[in-house]
Structures are given as structure tokens and as C-alpha cells.
Amino acid sequence: MSRRRPATAVIAVVVGALATATFGTTAAAATAARSADERGTTDLRVATYNLSLNRNAPGQLIADLSTGTDAQAKTVAEIIQRANPDIVLLNEFDYVPDGLAADLFRDNYLEVSQGGADPVEYPYAYVAPSNTGIPSSFDLNNNGVIGGGDDAFGFGVFEGQYGMAVLSKHPIETSEVRTFQSFLWKDMPGALLPDDPATPAPADWYSAEELEVMRLSSKSHWDVPIEVGGSTVHVLASHPTPPTFDGAEDRNGLRNHDEIRFWADYVTPGETSRYITDDAGGSGGLKPGESFVILGDQNADPLDGDSVDAAIDQLLGHPRITDPLPTSDGAVETALLQGGANPAHEGDPRYDTADFNDNPAPGNLRADYVLPSRDLRVVDAGVFWPVQADPLSALTGNFPFPSSDHRLVWVDVRVRG
């Protein structure tokens, strides 16, 4: 049946049945393992994947996904098929109005066997606009010229580049979705606003006029409630800016820190989250006891890389959050074979999720996270990064990557009914 629908900026769709197998299991076994049991619980696999399906111009992604033959799209689709998550956040998936890109990716790639893997169906999807590429009309990088990606609300050469999408086998509670695309950075109490080192005034990189429009989120922050059995799990999706591509003012590093902080505040009930206002005017964060999973390429490693110290620790050390510490053998092997910056890293390479440039820096890092609330029991976790002896390693490969420089990260949790 067709998934074409009337235009709308925010969509959730219902179009098919449950998906099929994962990591060599049969479709029946995978479905049985994830269904509600007699104790009233549901096993759920949640994943995040920066699949680098961004393109250089508007319309290019639609053209590539319309064919069913795009090599990169086929490869990232196979990785998703083999991991077979029940819910997956796609980062760097260009925003296209009406959800057309998400429809095409499902129809022509995910629901078609790739490399012998079983097709997977996601009956529900959520997409919404991104701050990337939206002109601010200000010189945000202070180079004397207004225009270009650096002067957009989030870096991008066109509106929606590097966007996001959530795909789900479980119903999305569309009317309860909250977005925070327009929330202003200055409205976060104690925000780490960047300072111009050439002037004596503090926190003055942005002018007063710029702060009146400068948004916190470089893409967006979404709270997407999903019905799982008889419970609701809030998917908290984002993609903070890389803490690089700036100067001594560290405007991107500081923004990355505060984009991560947003979720730490949001899942803290009471005064801590009271300042938060969504795009519809609703205020506050999650209520006590609500289940959630924070998903996304956070662009921050706990020990290495360029992020502000302790940026990701705001989540990893939060009392309401579990860090399942997903690992892979492929990340360990890759760090050893590539050398470069990797031997000097403080972090254990088995936790790496991204294969970045090793000479001279930053080397491979843990950048992508699936962080469930403590009421969700963690059953298993991993990173899709096969060792070279595994035939599936051709899906991740080496630079220039056949799929992405990031790896899919998944966590299995048990949801009480």
C-alpha cells in the first residue's frame, strides 16, 4: 500500500506488519523474543545509527533512495536488517517534508533483502524539521560575512541537511510528541555561552541581538513517546554539534556540552527541568517514574577527543540513567591496526563507536549512545563493528567507508507492562 500522505511538518505513519530476523536468528524467533510474555514484560531492542545518509544538495537523497540501487543506502540498510532493532534513531538523514525520504528508505531498502539479510519493516516513523541550514541572518562565526553553513542555526548548506528520523515497530504516540527546535540557548540557566577572547567582556561571542534568536539545538531535540505493550517509553532523540570547527572561543564545544545537558535536565523532575519550554509552549521535563531511552550521536567521548570535560558524564553519571557500555571486538582490532592517535587514548577501545581520522587526531571515539532509564532492565548491548575475519566486516569497512564512519549501537531492555 502507498505511504504517500498529505504534506505535514511532523508525521507518524502506520503502514505494515512486524519485522523479521536479527543476527542470524529466524523471523519467528526474533518476534517471539520481543513479544510480551506471561509476566507482562516486553523485550525491546533500541538502536542509534549515524548512517551518514546526508547529501550535498536538496533533492539528492530523494533521488538516491528512489532507485533501490544506491550502494551506500543498501549497505546501511543491511546493517539495520542484521541488527534488527525494534526502534532506531537515524542521524544524518536529511529532513524532507512529508516524510518522503523515510518512506523511500523503508520501501526500497529496508523492506528489500540486502546481502541475504531478512527484510525489516517499520510501520511507524517520525520525522520533523531540523535547525541545520536555516539562515540566522547573523554573522554567528564572526568572520565578517553573513551566510553559509556556519551562520545557520545549525551547520548545514541547505535546510534539513544532517537531519534525523525515528523508525519503530511499535506505535508512536504522535499527539504526545514534544520538540524543542526553537528553544533558545540563553534560556538555559547557567548556559556555557562562548566568550570572545579578543574582548574583556565575558560570554560575548554572540551579541545581545544574536542571543535573542540563537537556538540551543544544532538539529533538534525530540521526545517521541512510543507504546510498548501496555507501557510508554520516551525516545529522547538528538544529535549535538561536533565540538570542533571553531576557534579559541570553543562555541561548538560549549554548545555540544549544553545540548547534552538538556537531556540531563529534562529527565530530572522538579526545579531542574522547569525552565524547559517545547515548541508548542509546554513547560517542564519528564515526570517521575516515566521510562525513557536517550538516543543519538552525542559527539562526546568520556575520556578522549575535543568535547568539553565531563560533557557526556552529565548523562553517564545521572542517577536516573543506566550506561549499558556496549562493546565490539571490531573496535579493538581497528584501533590496534590503525595506530595513530589511538594508542594514546585513555578510553578502552572496545567502547568506540566511530572510526575517525587517526593522524594526527582525534582517533576512534565513543560518540554514539543508547542510554535507558534505570527502570528498564538491560538484557544485552553491543556495537555493530565486526572483526576483519567476519564477512560482515565488509559492511563497515575502512575509509572511504561503504556505509558510515559511525557504527550502529544497540541495547536490549525489558519493559514492564
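Just checking, which of A335, A331 is under 20 Å from the mean Cα position of the chain (by Cα), on the phi < 0 side of the Ramachandran plot and outside any loop (DSSP other than H, G, I, E, B)?
A331
Which of (1) under 30 Å from R45 (Cα atoms); (2) touching a helix residue (DSSP H, G or I) at 6+ places or on another chain (Cβ under 7 Å); (3) of a type in the set (V, I, T); (4) open to solvent by 30 Å² or more (accessible area, probe 1.4 Å) is the odd one out, the single condition V127 does not satisfy?
Of (1) under 30 Å from R45 (Cα atoms); (2) touching a helix residue (DSSP H, G or I) at 6+ places or on another chain (Cβ under 7 Å); (3) of a type in the set (V, I, T); (4) open to solvent by 30 Å² or more (accessible area, probe 1.4 Å), only one is false for V127: (4).
Considering only region 281-320, state which residues are touching a residue at least 40 places away in the same chain (Cβ under 8 Å), of a type outside the set (S, T, N, Q), in a loop (DSSP other than H, G, I, E, B) and in contact with a Ser or Thr (Cβ under 8 Å, 6 or more places away or on another chain).
Across region 281-320, the qualifying residues are L286, E290, A300, D301, D306, H318, R320.
Considering only residues that are in a loop (DSSP other than H, G, I, E, B) and of a type in the set (D, E, K, R), look in region 357-411 and name the one that is surrounded by the most Cβ atoms within 10 Å (Cβ to Cβ).
R407
Name the single residue that is least open to solvent (accessible area, probe 1.4 Å) among those in region 170-199 being of a type in the set (D, E) and within 29 Å of E121 (Cβ to Cβ).
Looking at residues that are of a type in the set (D, E) and within 29 Å of E121 (Cβ to Cβ), I get E173.
Identify the residue in region 99-118 that is in contact (Cβ under 8 Å) with a residue 40 or more places away in the chain and open to solvent by 50 Å² or more (accessible area, probe 1.4 Å) and, among all such residues, is farthest from A83 (Cα to Cα).
By that ranking, first place goes to D107.
Tell me which residues, restricted to region 288-315, are in contact with a Pro (Cβ under 6 Å, 6 or more places away or on another chain) and under 20 Å from V224 (Cα atoms).
Matches in region 288-315: P288, V293, Q298.
For (1) among the charged types (D, E, K, R); (2) open to solvent by 20 Å² or more (accessible area, probe 1.4 Å); (3) within 27 Å of D150 (Cα to Cα), each residue gets a yes or a no:
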position	(1), (2), (3)
P240	no, no, yes
P243	no, no, yes
D246	yes, yes, yes
N252	no, yes, yes
H257	no, yes, yes
F262	no, no, yes
T272	no, yes, no
I276	no, no, yes
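Which number in (1) in contact with a Leu (Cβ under 6 Å, 6 or more places away or on another chain); (2) part of a loop (DSSP other than H, G, I, E, B); (3) buried (at least 21 other Cβ atoms within 10 Å of the Cβ) marks the one condition that A203 misses?
If we test A203 against (1) in contact with a Leu (Cβ under 6 Å, 6 or more places away or on another chain); (2) part of a loop (DSSP other than H, G, I, E, B); (3) buried (at least 21 other Cβ atoms within 10 Å of the Cβ), just (3) comes out false.
Of the residues G317, G340, G347, only one is of a type in the set (G, A, S), within 30 Å of T232 (Cβ to Cβ) and modelled with pLDDT of 95 or more; which?
Of G317, G340, G347, the one residue that is of a type in the set (G, A, S), within 30 Å of T232 (Cβ to Cβ) and modelled with pLDDT of 95 or more is G317.
Being open to solvent by less than 30 Å² (accessible area, probe 1.4 Å) and part of a loop (DSSP other than H, G, I, E, B) is the filter here, so list the residues in region 145-169 that pass it.
Within region 145-169, F153, G156, F158, G160, Q161, G163, K169 qualify.
Of the residues G340, G305, only one is out of contact with any helix residue (DSSP H, G or I) (no Cβ under 9 Å at 6 or more places or on another chain) and surrounded by 22 or more Cβ atoms within 10 Å (Cβ to Cβ); which?
Selected residue: G305, the only one of G340, G305 that is out of contact with any helix residue (DSSP H, G or I) (no Cβ under 9 Å at 6 or more places or on another chain) and surrounded by 22 or more Cβ atoms within 10 Å (Cβ to Cβ).
Quick one: D313 ticks every box in (1) on the phi < 0 side of the Ramachandran plot; (2) crowded, with 19+ Cβ neighbours inside 10 Å except a single one, so which number is it?
(2)
Filter region 56-91 for residues that are open to solvent by less than 40 Å² (accessible area, probe 1.4 Å), assigned to a helix (DSSP H, G or I) and charged (D, E, K, R) and give the result.
Within region 56-91, E78 is the sole residue that qualifies.
The values are calculated or read from the model by the stated rules, or taken from the named source; none is laboratory data. Computed from a predicted model, the values in this text were never measured in an experiment. Quick reminder, even Gly has a Cβ in these numbers, built from the backbone with ideal geometry, and neighbours come from all protein chains shown. Quick note on the areas: whole protein, heavy atoms, side chains included, nothing else; ligands and nucleic acids left out. Shrake-Rupley method; radii C 1.70, N 1.55, O 1.52, S 1.80 Å.
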